[in-house]
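The values are calculated or read from the model by the stated rules, or taken from the named source; none is laboratory data. These figures come from a predicted structure and were not determined experimentally. Here the Cβ is made from the backbone with ideal geometry for all residues, glycine too, and neighbour counts use every protein chain on show. Side chains included, ligands, DNA and RNA excluded: accessible areas come from the protein's heavy atoms. Shrake-Rupley method; radii C 1.70, N 1.55, O 1.52, S 1.80 Å.
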Amino acid sequence: MDLAFRQAEAAYARGEVPIGAVLVDPAGGEVLAADHNRVEEWHDPTAHAELLVIRAVATGRQEKRLPFADLYVTLEPCAMCAAAISFARLRRVHFAAPDPKGGGILHGGKFYSQPTCHHRPEVIAGPIEAETRSADLLRSFFRARR
């Protein structure tokens, strides 16, 4: 998760919403991809950190499903990212902080709770230290913009 936070800090420095994600092969602990939000930079509303790491690994391996991979992300994925995680068949999702306004796993549409969801990864919400770190970074980012 520390690498995901380093990615979130890089996003913050670039004026992006500070969310970072890392895709890992848990069998050997290999980091497969790490990135942060690039919505502003690319003028692309789909350039969320989660989608970027899934795309990087899927296209690099030329595989549309990544059932061996675990995702670490600093904020609860939105509904779009939750769907992509399900479609990629990721094994597990670790997130640092819940997102009551925009989250799609524990909040909002609760994507994995829907009967139409074909794949439900294991979901692990971060310990309080990670939640606090993520919340503090996001608060600082948005406070500076107001």
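Let me check against my output: what whole-number percent is the relative contact order of the chain, with C-alpha pairs under 8 Å and at least 6 apart?
Numbers: 306 pairs, mean separation 28.0, N = 146.
Contact order relative to length: 19 percent.
If you roll a 1.4 Å probe over segment 84-146 with all protein chains in place, what percent of the accessible area is carbon or sulfur? Display every interim value, and only then the final one.
On the way: 2090 of 3790 Å².
Carbon and sulfur atoms account for 55 percent of the accessible area of segment 84-146.
Place a +1 charge on the Cβ of each Lys and Arg in the chain and a -1 charge on the Cβ of each Asp and Glu, then give the dipole magnitude about the Cα centre in debye, rounded to the nearest 20.
Working: 18 positive and 18 negative charges, 74 e Å.
Magnitude of the dipole: close to 360 debye.
With θ taken as phi - 60° and the coefficients 6.51, -1.76 and 1.60, list the Karplus ³J(HN,Hα) couplings across segment 21-34 in order, rounded to whole Hz; mark glycine and proline as x.
9, 9, 9, 10, 8, x, 4, x, x, 6, 7, 8, 6, 9
Work through the residues other than Pro121 whose Cβ is under 11 Å from its Cβ and net out their charges, Lys, Arg +1 and Asp, Glu -1. Working shown, then result.
On the way: positive: Arg89, Arg91, Arg92, Arg120; negative: Asp70, Glu122.
Surrounding charge for Pro121 is +2.
What order, most packed first, do the peptides 15-21, 44-50, 80-86 have when packing is the mean number of other Cβ atoms within 10 Å of each residue?
Details: 15-21: 24.1, 44-50: 19.4, 80-86: 21.7.
Highest to lowest by the protection proxy: 15-21, 80-86, 44-50.
If I fit a long axis through the Cα atoms of helix 128-145 and take the longest principal axis of the Cα atoms of the chain, what angle between them do I get, 0 to 90°, rounded to 10?
Orientation of helix 128-145: about 50 degrees from the principal axis.
Computed from the coordinates I sent, Cα extents along the principal axes in Å equals one of [x] 51, 28, 24; [y] 40, 31, 30; [z] 58, 36, 29. Tell me the label.
[y]
So what is the accessible area of the chain per residue, in Å², with the probe set to 1.4 Å?
Values: 7460 Å² over 146 residues.
That works out to 51 Å² per residue.
Would you rank Arg38, Arg14, Arg133 by solvent-accessible area, highest first, keeping every protein chain in place and using a 1.4 Å probe?
Highest to lowest solvent-accessible surface, that is Arg14, Arg133, Arg38.
Arg38: net charge of surrounding residues, Cβ under 14 Å, Lys/Arg +1, Asp/Glu -1, itself excluded? Write out the running numbers ahead of the final one.
Numbers: positive: Arg14, Arg55; negative: Glu16, Asp35, Glu40, Glu41, Asp44, Glu50.
Within the 14 Å Cβ shell, the charges total -4.
Only helical DSSP H runs with n ≥ 4 go in: add -39500 (n - 2.57) per run for the chain, normalise by residue count and round the 222 nm mean residue ellipticity to 500 deg cm²/dmol.
Only helices count here, giving -11500 deg cm²/dmol.
Sort Arg92, Arg143 by accessible area with a 1.4 Å probe, largest first.
Numbers: Arg92 50, Arg143 155 Å².
The ranking, largest first, comes out as Arg143, Arg92.
Cα gyration tensor of segment 69-132, axes a ≥ b ≥ c as square roots of the eigenvalues: rounded (a/c below 1.5), prolate (a/b > b/c) or oblate? Could you put the intermediate results ahead of the total?
Numbers: a/c = 2.17, a/b = 1.37, b/c = 1.59.
Note, shape of segment 69-132 comes out oblate.
Can you find, among Gln62, Cys78, Val24, the residue farthest towards the positive end of the dipole of segment 1-84? Put +1 on the C-beta of Lys and Arg, -1 on that of Asp and Glu.
Towards the positive end, the residue furthest out is Gln62.
I want the local charge near Ala47. Using Cβ-Cβ distances under 10 Å, sum +1 for each Lys or Arg and -1 for each Asp or Glu among the other residues. Show your work: numbers first, answer last.
Details: positive: Arg38, Arg55; negative: Glu16, Asp35, Glu40, Glu41, Asp44.
Neighbourhood net charge equals -3.
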